[in-house]
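Okay, so here's the structure we're looking at.
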Amino acid sequence: MSVEPGFGGQSFQDLAVEKIKQLASLKSQYHFMIEVDGGINASTGLLCKEAGVDVLVAGSYVFNASDRKKAIDSLK
């Protein structure tokens, strides 16, 4: 989680990027995927992908977008 669990629409907590990097450094030793949920949008999604995340969960960003397809495409 990159936010405090409990409700949608929260801002991304930057400390999650360092945690993702730490986990990504272990992927050569173990088989797992890194999934991030909370505060994901185009810019935070990019930060997470660059840090080594495998799966992004974006609720409010997608469902509150006027163009949901464009929002989803911005996360690829």
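The values are calculated or read from the model by the stated rules, or taken from the named source; none is laboratory data. As the structure is a computational prediction, the values presented were derived from the model and not from experiment. Note that we place each Cβ from the backbone using ideal geometry, even for glycine, and neighbour counts take in every protein chain shown. SASA here: full protein model, heavy atoms, side chains in, ligands and nucleic acids out. Shrake-Rupley method; radii C 1.70, N 1.55, O 1.52, S 1.80 Å.
Before rounding to the nearest 500, sum -39500 (n - 2.57) across all DSSP H runs of length at least 4 in the chain and divide by the residue total; then give [θ] at 222 nm in deg cm²/dmol. Walk me through the intermediate numbers first.
Working: 4 runs with 30 residues, N = 76.
Rounded to the nearest 500, the figure is -10000 deg cm²/dmol.
Each of Lys49, Lys76, Lys70, Lys21 has its accessible area taken with a 1.4 Å probe; listed largest first, they run Lys76, Lys70, Lys21, Lys49. Taken about its Cα centre, the range 32-76 carries a charge dipole of about 200 debye when Lys and Arg each add +1 at the Cβ and Asp and Glu each add -1 at the Cβ. Compared with the dominant principal axis of the Cα atoms in the chain, helix 42-51 is inclined by about 10°.
What a 1.4 Å probe finds exposed on the chain is 55% carbon and sulfur by accessible area, rounded to a whole percent. Computed about the Cα centre, the dipole magnitude for the chain is approximately 220 debye when only Lys and Arg (+1) and Asp and Glu (-1) carry charge, each at its Cβ.
Derived from the Cα gyration tensor, the three semi-axes of the equivalent ellipsoid of the chain are 23, 14, 10 Å, largest first.
Full extension of the chain between Val57 and Ser25 gives 9.4 nm of extra length, using 0.36 nm per residue less the Cα-Cα distance.
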